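Asks: First the structure, then my questions, so here it is.
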Amino acid sequence: MKITERIASIFSKDDLKFKHIPDTNSLNFVLPRNLFEKCSAGMEGGELSQAALHQFIALQMLAEQGLATQIANGFCLENENAVRLDEETRQLLELPMPWPGLFDITFEHHTQQASFRLNLLFKTLQQAPFIDIKKIT
């Protein structure tokens, strides 16, 4: 059994899990305070699901590595660290897969000039334009 299949088998639709809430600079993973305290104490059973316990362990490991910060009822993961998570951790925390594309950016003139122009093109792996923004002034 692959690790991703094992992770998927831990979760069921009815499980109570960490909820991820994005803000400007980070992702916050939160649980109700009483359940977070149970996770912190390592208690299983009752209201606490296997999924929440596995997520807690992954987030605690990220905190120990200095990639996440513990908050009152969860963890805060800075955006710069969230985008670098491996596939298994991303799946465990129920985050979407990275966008499989790239940005093509060109500019003309200097930013202080009225004629400054920025061309921004989002590309998918098939190289077809996703969004083409001709001018940004």
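The values are calculated or read from the model by the stated rules, or taken from the named source; none is laboratory data. As the structure is a prediction and not an experimental result, all values here were calculated from the model. Ideal geometry is used to build each Cβ from the backbone, glycine not excepted, and the neighbour counts take in all protein chains shown.
Asks: What number goes with the only condition from (1) farther than 17 Å from Ser26 by Cα; (2) in contact with a strand residue (DSSP E or B) (Cβ under 6 Å, 6 or more places away or on another chain); (3) not small (Gly, Ala, Ser) that Leu62 does not pass?
Replies: Answer for Leu62: the failing condition is (1).
Asks: If you don't mind, another one. Any idea which of Ala52, Ala58, Ala72 is surrounded by fewer than 13 Cβ atoms within 10 Å (Cβ to Cβ) and touching a residue at least 12 places away in the same chain (Cβ under 8 Å)?
Replies: Numbers: Ala52 fails: surrounded by fewer than 13 Cβ atoms within 10 Å (Cβ to Cβ); Ala58 fails: surrounded by fewer than 13 Cβ atoms within 10 Å (Cβ to Cβ).
The conditions single out Ala72.
Asks: In segment 78-96, what residues are among the aliphatic types (A, V, I, L, M) and outside any loop (DSSP other than H, G, I, E, B)? Can you show your working first?
Replies: Of segment 78-96, the ones among the aliphatic types (A, V, I, L, M) are 82-83, 85, 92-93, 95.
Across segment 78-96, the qualifying residues are Ala82, Leu92.
Asks: In segment 1-50, what residues are at pLDDT 85 or above, out of contact with any Gly (no Cβ under 7 Å at 6 or more places or on another chain) and under 27 Å from Val83 (Cβ atoms)?
Replies: Once the filter is applied, which keeps residues that are at pLDDT 85 or above, out of contact with any Gly (no Cβ under 7 Å at 6 or more places or on another chain) and under 27 Å from Val83 (Cβ atoms), segment 1-50 yields Lys17, Lys19, His20, Ile21, Pro22, Asp23, Thr24, Asn25, Ser26, Leu27.
Asks: If you don't mind, another one. Regarding Glu64, is this residue out of contact with any helix residue (DSSP H, G or I) (no Cβ under 6 Å at 6 or more places or on another chain), modelled with pLDDT of 90 or more and closer than 20 Å to Pro22 by Cβ?
Replies: Here the answer is no, as Glu64 does not meet what is asked.
Asks: List pairs: first residue in segment 76-92 and touching a residue at least 12 places away in the same chain (Cβ under 8 Å), second residue assigned to a loop (DSSP other than H, G, I, E, B) and not acidic (Asp, Glu) anywhere in the structure, Cβ distance under 6 angstrom, at least six positions apart or on different chains.
Replies: Note: pairs meeting the criteria are Asn79/Asn25; Asn81/Leu67.
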